[in-house]
Amino acid sequence: MSSIYGNMRDNGFLSGNLPGLSCVLGLYTDELDFYRQDIDYFYTNSLFAAQPAIKSYWNHGYSLIFAANAVIEGVRNSQSLPAELKAQLEGEALFVRALVHLYLNQLYGGVPYVTTTDYTVNGNVSRLPPIEVLQLIRQDLLDAASFLPDNPSVERVLPSKGAARSLLARTCLYAGWWDEAVLHSTAVIEGPLYQWVDDPAAVFLNNSTATIWQFMPADASLNTLEGDLFIFEVGPPPAIAISASLYNAFEIGDLRRSGWIREVTDGTDSWYHAFKYKQRTISGASTEYSILLRLAEQYLIRAEARAMTGNIEGAKADLNKVRQRAGLPDTDATDAMEIVNAVMAERRVELFTEFGHRFFDLQRTGSLDEALENIKPGWDSTDRLWPIPSDEIVINPNITQNPGY
């Protein structure tokens, strides 16, 4: 499991590196501008099925799933591990298996759900409808929650029951299971283990009480890969910068724009970079870890789900919780759809550059074309899904290609 977490942190779509989804999906949508050529196909929305990067994400995802399945099988077959440790390890592995399938499902649109290390079975898997994948993810997370401890680990670097229920809430949001989304997000919000942080400057510190799950750096003197990636000191930017579209999406007076985005100027031109993480990799001791799950997302999930189930006042209260910390007045939305639209706008400025929330929100609400076709010259409606790697289709004819590729 330690190897799996290190691999997730340093490589693939959950890393804070340039190929991680925080960067790649920011470029793919309207969060980030790009100043290099090595992954410009994401910025120009020009992916194709034989692209090495597309194969890399697919292979890395299923490599993590295989490793998680190996842990599950090993733990279940063990005659020597203590029962408490067996439960902890199986819960963690089920959580990782569900998490990786969730990202693959949203990126590729209905994927094989792999639950074994048996290559004869895995070599003949078929894609499942996306809703069936979400159902399997839900079951894995429910099982994970039954195994995982109530209390977060020291420094919250191992998944706990709260992490499983947080990911359950997100899964239910994506599926439109509104009552369940309320149930799981409420369990996290109203439980005693996670406390709201009122100071925006303290949200991304490694001791934040609002953090549900985070990656510890590889060394005690390091901070986050995200900080090293996003921060730059002089312009033009060496790689990426916050887009004008995102910068202008903040309301006047929003403390997140002044605190979570930083201006760099040469006296004539200005550029902006994400500044949620303030440290650039090396310091005397780590003060920032890469946060994957945090409390504000749960409030926004519950706000949307409450609006969709008719609890207007409860939805407004959750939305206002996030707005008030940002120094903004309470929402003036009054009906369900106004609140949902307000939540979408709030998610954009609260969760930017955090593992692709903007893309997944536009995708699940059918808003990608409206949001991107006029500002991304390479955008096509079929870009809502990535192509299945062509090698996978050659190897296994049960795997079909997405439209447009």
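The values are calculated or read from the model by the stated rules, or taken from the named source; none is laboratory data. None of the values given here were measured: they were computed from a predicted structure. A quick note on method: Cβ atoms are made from the backbone with ideal geometry, for glycine too, and the neighbour counts reach across all protein chains shown.
Per-structure values
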| read-out | value |
| --- | --- |
| Test for LEU47: is it crowded, with 16+ Cβ neighbours inside 10 Å and either of a type in the set (D, E, K, R) or over 20 Å from LEU168 (Cβ atoms) (or both) | yes |
| Some residue of region 97-116 being more than 22 Å from TRP386 (Cβ to Cβ) and modelled with pLDDT of 95 or more | yes |
| So ALA164, is it closer than 22 Å to ALA83 by Cβ and in contact with a helix residue (DSSP H, G or I) (Cβ under 6 Å, 6 or more places away or on another chain) | yes |
| Residue pairs meeting the criteria (Cβ under 8 Å; at least 6 apart or on separate chains; first under 25 Å from ARG294 (Cα atoms), in region 322-339; second outside any loop (DSSP other than H, G, I, E, B) and acidic (Asp, Glu)) | VAL322/GLU346; VAL322/GLU350; ARG323/GLU346; ALA326/GLU350; ILE339/GLU304 |
| Number of the condition not met by TYR113 [criteria: (1) in a helix (DSSP H, G or I); (2) more than 19 Å from the chain's Cα centre (by Cα)] | (1) |
| So THR186, is it modelled with pLDDT of 95 or more, of a type in the set (Val, Ile, Thr) and not assigned by TED's automatic domain parsing to the domain that holds LEU319 | no |
| Complete set of residues in region 19-41 that are of a type in the set (A, V, I, L, M, F, W, C) and in contact with a strand residue (DSSP E or B) (Cβ under 8 Å, 6 or more places away or on another chain) | CYS23, LEU27, LEU32, PHE34 |
| Enumeration of residues in region 139-157 that are in contact with a Ser or Thr (Cβ under 8 Å, 6 or more places away or on another chain) and crowded, with 20+ Cβ neighbours inside 10 Å | LEU141, LEU148, PRO152, ARG156 |
| SER63 being polar (S, T, N, Q) and either more than 16 Å from PRO387 (Cβ to Cβ) or surrounded by 19 or more Cβ atoms within 10 Å (Cβ to Cβ) (or both) | yes |
| Number of positions in region 358-393 that are among the small types (Gly, Ala, Ser), touching a residue at least 60 places away in the same chain (Cβ under 8 Å) and surrounded by fewer than 18 Cβ atoms within 10 Å (Cβ to Cβ) | 2 |
| Check on ALA70, over 23 Å from LEU168 (Cβ atoms) and not β-branched (Val, Ile, Thr) | yes |
| Lone qualifier among TYR113, TYR57 - being closer than 30 Å to SER160 by Cα, touching a His at 6+ places or on another chain (Cβ under 9 Å) and either assigned by TED's automatic domain parsing to the domain that holds ASP380 or of a type in the set (Lys, Arg) (or both) | TYR113 |
| Residue match in region 56-64 (condition: assigned to a helix (DSSP H, G or I), in contact with a Pro (Cβ under 6 Å, 6 or more places away or on another chain) and either farther than 28 Å from HIS273 by Cα or modelled with pLDDT under 95 (or both)) | yes |
| Hits in region 74-87 (condition: over 17 Å from LEU141 (Cα atoms) and either in a helix (DSSP H, G or I) or touching a residue at least 24 places away in the same chain (Cβ under 8 Å) (or both)) | GLY74, VAL75, ARG76, ASN77, ALA83, GLU84, LEU85 |
| Exclusive hit being at pLDDT below 95 and small (Gly, Ala, Ser), set SER153, SER160 | SER153 |
| Any hit, region 164-181, residues being touching a strand residue (DSSP E or B) at 6+ places or on another chain (Cβ under 6 Å), of a type in the set (Lys, Arg) and either crowded, with 22+ Cβ neighbours inside 10 Å or in a helix (DSSP H, G or I) (or both) | no |
| Residue within region 270-281 that is farther than 25 Å from ASP199 by Cβ and either among the acidic types (Asp, Glu) or out of contact with any Asp or Glu (no Cβ under 9 Å at 6 or more places or on another chain) (or both) present | no |
| Region 19-55, residues that are free of Cβ contacts under 8 Å to residues at least 40 places away in the same chain and out of contact with any Leu (no Cβ under 9 Å at 6 or more places or on another chain) | PRO19, GLN37, PRO52 |
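Matching residues to (1) surrounded by 20 or more Cβ atoms within 10 Å (Cβ to Cβ); (2) closer than 28 Å to ALA169 by Cα; (3) under 18 Å from the mean Cα position of the chain (by Cα):
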position: GLU251; (1), (2), (3): no, yes, no
position: SER258; (1), (2), (3): no, no, no
position: GLU288; (1), (2), (3): yes, yes, yes
position: LEU292; (1), (2), (3): yes, yes, yes
